[in-house]
Amino acid sequence: MEITNVTEYEAIAKEKLPKMVYDYYASGAEDQWTLKENRNAFSRILFRPRILIDVSKIDMSTTVLGFKISMPIMIAPTAMQKMAHPEGEYATARAASAAGTIMTLSSWATSSVEEVSSTGPGIRFFQLYVYKDRNVVAQLVRRAEKAGFKAIALTVDTPRLGRREADIKNRFTLPPFLTLKNFEGLDLGKMDEAADSGLASYVAGQIDRTLSWQDVKWLQTITKLPILVKGVLTAEDTRIAVQSGAAGIIVSNHGARQLDYVPATIMALEEVVKAARGEVPVFLDGGVRRGTDVFKALALGASGIFIGRPVVFSLAAEGEAGVRKVLQMLRDEFELTMALSGCRSIQEITRNHIVADWDTPRIVPRL
């Protein structure tokens, strides 16, 4: 069967993967309301296309933190990719590089920063969880920097792990032949079997619940890399992030895996964009499955988007070729959406190109 859109990879992944692994990637927290809402909310935003514009040439390129990329579609950090495919993060890194875009490597990757760096050139960010032992954190950040990573994406929504009931039922744990490669030498690379979710127990034991805005400032004293704060959903936290020296903000609800009944990220985006006042770029993570979704996020003020699950599902289905195809399909769909909306460059995408459920009814201009 020919795959014609990103969503079709999920069913293939479900067939191929062990239940414990598929459920870990696919599930959200508790009732999974936010999981569904991350997708559904996009359908409450409609287009206002402009016509009879010469769209024979379309430029999708953009810059992120000064790095030029081919399109505003980047790869979000997703953990333990070798559970999906033997090549794991290596394959994802090569696919991102081939597409001319950014990959974010998870702290909990099954390949180390050095290994991913060895796949060849590419712009890569490193997602950071802050461990109780700050020496571990400092060491990890230094290693990422040395391996050529260009930014730190600090995850701030996980002082504790969300309640993911599939993982509890499955007694989720990292398969015995894999380790959290970045922590291997520190005796933090293994996850023990637990009475519920092995990952939840690991987080409870290792991740620092005291993490605060002071730590965002502390990070800036140990690295020159720009820091993106990942997991912001409100205007209040956006202002504090900017004041704390963040180089950018990723609007994220952790793939709906942390606190259920937070809004879809596309619904929280505009509030964050307005609060950022153009002082730092704002990115959207969560729910993107179509080029139309990418356009909607940019129209609401995002500087780019990150995809997570489409990467692990396509990786499970077809390895590196699958991830390349996901990036290519999203690129093609986004280019088509731009053309049909009358936009020839990222700069031409405006708030007037969409109408959202929550907008006040338009007064039609007298012409």
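The values are calculated or read from the model by the stated rules, or taken from the named source; none is laboratory data. This structure is a prediction, so every number in the text was calculated from the model and none was measured. Ideal geometry is used to build each Cβ from the backbone, glycine not excepted, and the neighbour counts take in all protein chains shown. Ligands, DNA and RNA are excluded from the accessible area calculation, which covers all protein heavy atoms including side chains. Shrake-Rupley method; radii C 1.70, N 1.55, O 1.52, S 1.80 Å.
List of remarks:
- Carbon/sulfur fraction of accessible area - segment 269-321, other protein chains in place, 1.4 Å, %: 44
- Once exposed loop chymotrypsin sites (Phe, Trp or Tyr not before Pro) are cut out (DSSP; at most 10 other Cβ, 10 Å), longest piece of the chain: 178-357
- Note that segment 1-159 carries a Kirkwood radius of 18.3 Å, evaluated over its alpha carbons pair by pair.
- Ellipsoid semi-axes in whole angstrom, largest first, where each is sqrt(5λ) of the Cα gyration tensor of segment 136-284: 28, 21, 12
- Taking the chain as a Gaussian network of alpha-carbon nodes connected by springs under 10 Å, the highest mean-square fluctuation of the residues L327, L340, L52 belongs to L52.
- Base-10 log of normalised Debye intensity for segment 224-367 (one unit scatterer per alpha-carbon) at q = 0.17, 0.19, 0.20 Å⁻¹: -1.04, -1.20, -1.27
- Among A11, A96, A275: highest mean-square fluctuation, GNM of the chain, C-alpha pairs under 10 Å: A11
- Per-residue 3J(HN,Hα) values for segment 63-70, derived from phi via the Karplus relation 6.51 cos²θ - 1.76 cosθ + 1.60 with θ = phi - 60°, read 10, 10, 6, x, 9, 7, 10, 6 Hz in sequence order (x marks Gly and Pro).
- Most mobile listed residue (P121, P159, P226) in the chain, GNM with C-alpha springs under 10 Å: P121
- Our summary of shape: the Cα atoms of segment 65-128 have principal axis extents of 31, 22, 19 Å, ordered from largest down, in whole angstrom.
- In the calculated pair-distance distribution of segment 198-240, the portion above 12 angstrom amounts to 72 percent of the Cα-Cα pairs.
- Overall form of segment 160-243 per C-alpha gyration tensor (a/c, 1.5; a/b vs b/c): oblate
- Among the listed pairs K146/K181; K132/K296; K14/K181; K146/K230; K230/K325, those whose Cα-Cα separation exceeds 28 Å are K132/K296.
- Over segment 3-82, equivalent-ellipsoid semi-axes from the Cα gyration tensor in Å: 32, 19, 15
- Entry note, the chain: the mean residue ellipticity at 222 nm calculated from DSSP H runs of n ≥ 4, each adding -39500 (n - 2.57), is -12000 deg cm²/dmol after division by the residues and rounding to the nearest 500.
- Accessible area expressed per residue, segment 1-157, with surrounding protein chains retained (probe 1.4 Å, Å²): 42
- Cα shape, segment 197-297, gyration tensor, a/c 1.5 rule: oblate
- Tail beyond 27 Å, pair distance distribution of the chain (Cα, percent): 45
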